[in-house]
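Peer 1: My questions all concern the structure below.
The values are calculated or read from the model by the stated rules, or taken from the named source; none is laboratory data. Computed from a prediction, not measured in an experiment: that's the story for all the values here. Backbone-built Cβ (ideal geometry, glycine too); neighbour counts: all protein chains shown. Just the protein is used for accessible areas: all its heavy atoms, side chains included, with ligands, DNA and RNA removed. Shrake-Rupley method; radii C 1.70, N 1.55, O 1.52, S 1.80 Å.
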Amino acid sequence: MKTIFNKIWRKGMYVFLLTTIFITSCKKLDKQPLDALTSSTFFNTAADLRTYVNSMYNNRLPVYQYTAGTGNSNALLDNGSDFMIFSADITGGLNQVGATGTAGTENGTWSTGYTRIRQDNYFLKYALEKAEKTPNADHYIGEGYFFRAMDYFALLNSFGDVPIILEPLTEADVEKMYVPRSSRNEVAKQILKDLDLAIQKLYWKGTGEAVAGRVNKEAAIVLKARVALFEGTWEYYHSRRSTQFAVAGKDGREFLEMIEPAMNELISRQGTRIFKTGDEPYNQLFAQKDASSVDGVFLYRVYDGVKLNVSHNFFSKITDFGPSITDHLVDIYLNKDGSPQNISDPYTTLNTLSQNLDPRFRQTIWTPDRGPLGKLKGRELNANLRYPIVAPILSTGGGFTSTGYRTFKGAVLEASEFNKGETDDILIRYEEGLLALAEAKAILGTITQADLDKTVNVLRGRVGMANMTLSAVNGFPISIYKEENGFDLTESRIVNEIRRERGVELALEGFRSGDIRRWAIFEKVINGYKPKGAQLQEFLDYYNDPAKLTADGFNVAGLSFPLLRNTGSTGNVSAFPDGRINPYFKSPQFQTAGQGFFINRDRDYLTFVPLSQIQLYKVKGTTLTQNPGWN
């Protein structure tokens, strides 16, 4: 099925060149599309529309293209949240101590967003004017609406209120071009309106024009659920907490109530069909070379090193080289029987966690009972690497992780994928929509056991995890919910359990940062947080035992033991008083008495509007406002 998408890529590269002529890719909103050569000769057939919209796939969907000397992959999607850290990144977005809140002159998210929206508007204007009645044109028009919704959602996520522009404008359209920022409520409604039009026009996956790799009706429905959940919960929680980012007079319920009818349409068609192949289906869902026939995968980026000249190195995802899972993810897993995990156990090894916790733990995080990574079937390329740790101890060629929690989700266990990967990259899947439905109904107070059985328990059943039941959840002690882990002590237990389920199921897929912002708990999770890793003693016991290393095939001749030294500032590893690894132990800010991470709760939920745009609006005689806390 990948060959079908080859045409998308080649034609997309052609139309990308065309659109750089058709539409000025400018950072400002006052540039005119040079459409004189195209409006009369293009957009006449469904093939024309397909050719144009192919360019949207190429510059909207993420591309992790491998180049020599890099380990480019999608392993860092949750970096910048509390679920994942990068070994050298202690001065990033979560560490705003001393930040002044001075806005930048430019903001790439703003300029790229409006460049893309101009392309969307241009396409929709002429597609609707000239080709709407053409056979099969509707599907490609639906794709246009889908991509415009994606582009506005990216702006909503970053900026909140933004100007809404729905047509390609010229120099003569100053009054339409320099419009004030619409409220985020209005922006969300426009996104959902576009998605409703997309749903109406798109084919179901695998039918009509919805061939391998293309947008389909299922993807649009799940994206609708994503947007409605995001904005609904943003308005709901920010209103309850009276934050700077609340929408006056709005509580989000209108959006939350949209999710059930949308998802019921999808559930009536998809039922309980999700990927269940193999012994570890949750893990291997993300390692499929051809996602076109994978149940529940609705939108994905196709890779083909030969025909598309685009490949990746997802193979290196589980050797890390820096990205590391933290205690905030590990500690939210339940036991296999559905009971709460006891995170205060004094010494819990990775293997013990693997044996006791929700099976998705083992399928997300590598554990040593699998054996050395270099000896896993399909990965016989490196020497031995059994326990991950950041320390200059052994030349393994296998990377490290600073917390001891190594990524294993989506492990590519095929040697031919090394540096030339063709595993498809999943972008929208059914499970996200099911969790959106469960969360919305839990917040609205209408969730039933039947709802859990058709959503959460479908996901749990795939891995053999105990079902979630309302009776059991309602009996959980409130003490298990910690605000720093993303829970809400003012919410019901079932709302908190759906949050837990979302964290576990969608871990490392890039949702966590948005979740803690829309729940209005960003500062509660981040401020004061000092990331922790696994129990250090496990690594000391292994790396400081020459016999164990030799048994695993390491050449220890000439090495000076102990290899790992937990001796304060002179050591190469360190732990917190509870024995868990401190990945940033050399920084006073992240030692036991340090401040930890910090964000400004009155500013950092949204990014800044670029000053160049504010000045440009001023020159044109109108006002573009700045976000709270930025100056």
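Peer 1: Hey, any idea what % of the chain's accessible area is carbon plus sulfur with a 1.4 Å probe? Write down the numbers at each step before the final one.
Peer 2: Details: 12190 of 23650 Å².
Ligands and nucleic acids excluded, carbon and sulfur reach 52 percent.
Peer 1: Computed over the Cα atoms of the range 484-589, what is the convex hull's projected area averaged over all directions, in nm²? Walk me through the intermediate numbers first.
Peer 2: Numbers: hull surface 39.1 nm².
The number I arrive at for the range 484-589 is 9.8 nm².
Peer 1: Next up: For a 24 Å ceiling on Cα separation, which of these pairs sit above it: 224/532; 276/377; 317/377; 482/532; 125/307; 548/586?
Peer 2: 224/532; 125/307; 548/586
Peer 1: Same structure again: Which angle from 0 to 90°, rounded to the nearest 10, does the C-alpha axis of helix 108-130 make with the longest principal axis of the chain?
Peer 2: Computed tilt is about 40 degrees.
Peer 1: Which trypsin sites (Lys or Arg not before Pro) in the range 557-601 sit in a loop by DSSP (not H, G, I, E or B) and have at most 11 other Cβ atoms within 10 Å of their own Cβ? It would help to have the intermediate numbers written out before the result.
Peer 2: Working: sites: 565, 580, 586, 601; in loops: 565, 586, 601.
Sparse-neighbourhood loop trypsin sites (Lys or Arg not before Pro): none present.
Peer 1: Provide, as a two-decimal number, the C-alpha radius of gyration of the chain over 2.2 N^0.38 Å, N being how many residues it has.
Peer 2: Rounded to two decimals, the normalised Rg is 0.98.
Peer 1: I've got another one for you. Give me the net charge for the shell around residue 513: Cβ to Cβ below 12 angstrom, other residues only, Lys and Arg +1, Asp and Glu -1.
Peer 2: -2
Peer 1: Could you pull out the pairs from 189/289; 201/409; 205/454 whose alpha carbons sit more than 26 Å apart here? It would help to have the intermediate numbers written out before the result.
Peer 2: Details: 189/289 36 Å; 201/409 35 Å; 205/454 21 Å.
Too far apart for the 26 Å limit: 189/289; 201/409.
Peer 1: Next question, about the same structure. On average, how much accessible surface per residue is there in the range 71-144, in Å², for a 1.4 Å probe, leaving out ligands, DNA and RNA?
Peer 2: 38
Peer 1: Below 9 angstrom from the Cβ of residue 529, what's the summed charge of the other residues (Lys, Arg +1; Asp, Glu -1)? Before the final figure, lay out the partial values.
Peer 2: On the way: positive: 530; negative: 82, 484.
For residues surrounding residue 529, the net value is -1.
Peer 1: Same structure, new question: Counting other Cβ atoms within 10 Å of each Cβ, which GluC sites (Glu not before Pro) in the range 440-511 have at most 12 and sit in a DSSP loop?
Peer 2: Here no loop site has a sparse enough neighbourhood.
Peer 1: Please report, in whole Å, how far the alpha carbons of the range 100-216 spread along each principal axis, starting with the longest.
Peer 2: 53, 33, 23
Peer 1: Rounded to the nearest 10 degrees, what's the angle between the helix 493-505 long axis and the longest principal axis of the chain, both from Cα atoms, 0 to 90?
Peer 2: 90
Peer 1: Can you give me the accessible area per residue for the range 568-631, using a 1.4 Å probe, in Å²?
Peer 2: Here the residues of the range 568-631 average 47 Å² of exposed surface.
Peer 1: For the range 429-485, which trypsin sites (Lys or Arg not before Pro) are in a loop by DSSP, counting at most 16 other Cβ atoms within 10 Å?
Peer 2: Details: sites: 429, 441, 454, 460, 462, 482; in loops: 482.
Answer by residue number: 482.
Peer 1: Here's another thing I want to ask about it. Taking every pair of alpha-carbon atoms in the range 533-631, give the share separated by more than 17 Å as a whole percent.
Peer 2: 69
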